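The structure appears right after this line, and notes come after that.
The values are calculated or read from the model by the stated rules, or taken from the named source; none is laboratory data. What you see is a predicted model, and the numbers here were worked out from it, not measured in a lab. Don't worry about glycine lacking a Cβ; one is built from the backbone with ideal geometry, like all the others, and counts go over all protein chains shown. Protein only, heavy atoms only, side chains kept; ligands, DNA and RNA dropped before computing areas. Shrake-Rupley method; radii C 1.70, N 1.55, O 1.52, S 1.80 Å.
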Amino acid sequence: MTSTVSPKTSTIGRPIAIISGLVLLLGFLTIVAMNLRQVKSTDLAGAAAADFTLTLFDQFAPQKQLTLSELRGQVVVVNFWASWCVECYKEAALLEQGWRDYQDKGVFFIGVDYLDTDKAGLEYMAQYGITYPSGPDLGDKISRAYAITGVPETFFIDKTGQIAHVQIGPITKPQLYGLLDKLLAQPVGK
């Protein structure tokens, strides 16, 4: 006896296959859409700055750590850098000069050393005479919280703890000083 497929069986199987295919396609498109909506550092402008605690390099002893939220009321510049970053060298001396020119005016600079060795980071800091508090991003926690795309990236945080500006790439002196003057002129409530 030969077996035959009835027309009813083939017509039922086809809609099930189509529905299964559509469900798989919808799942794939959902995953793609979620990846397209990942936050980038520049998307954080206007948002509250993520709090963090940075373990400082030993040269800043007796201070061992620095917590961003403790700086509320001041303008804060958070610079992500690395000794292996060619573009970071272009702004290193300028950031140090900005720190020296603005630290007595209510501006605090923080250096976050990204994916670097302590030895190389300390050599970089010595080369450029960096004196503002800096430390390694242990476990990349801070860089992930700020969704950095590379280095250098600099975040300007206003007195209320909001990210006022995100600078990707080296900054120039007119940009740096202009942003700092603007942020210092803003009342705390703005």
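Taking the simple approach of a point 7 Å from Cα along Cα-to-Cβ for both residue 16 and residue 40, what is their distance in nm?
4.6
Probe of 1.4 angstrom, ligands and nucleic acids ignored: what's the accessible area per residue over region 46-161, in square angstrom?
44
What does the charge count around residue 138 come to, taking other residues whose C-beta lies under 12 Å from its C-beta (Lys +1, Arg +1, Asp -1, Glu -1)?
Taking every Cβ under 12 Å from that of residue 138, the sum is -3.
Grab the other residues whose beta carbon is less than 13 angstrom from that of residue 53, score K and R as +1, D and E as -1, and report the net.
-1
Might you work out the accessible area of residue 51 for me, using a 1.4 Å probe with all protein chains in place, and round it to the nearest 10 Å²?
The accessible area of residue 51 comes to roughly 90 Å².
When only the heavy atoms of the protein chains count and the probe is 1.4 Å, how do 115, 68 rank by accessible area, highest first?
115, 68
Let me see the pair-distance distribution of region 63-181: every alpha carbon pair, 10 Å bin width, integer percents in order.
All Cα pairs, binned at 10 Å, distribute as 14, 51, 33, 2 percent.
Hey, any idea what % of region 59-190's accessible area is carbon plus sulfur with a 1.4 Å probe?
54
Net charge within 10 Å of residue 129 by Cβ-Cβ distance, Lys/Arg positive one each and Asp/Glu negative one each, not counting residue 129 itself?
0
Which whole-number percent is the relative contact order of region 105-164 (Cα, under 8 Å, 6+ apart)?
So the answer I get is 32 percent.
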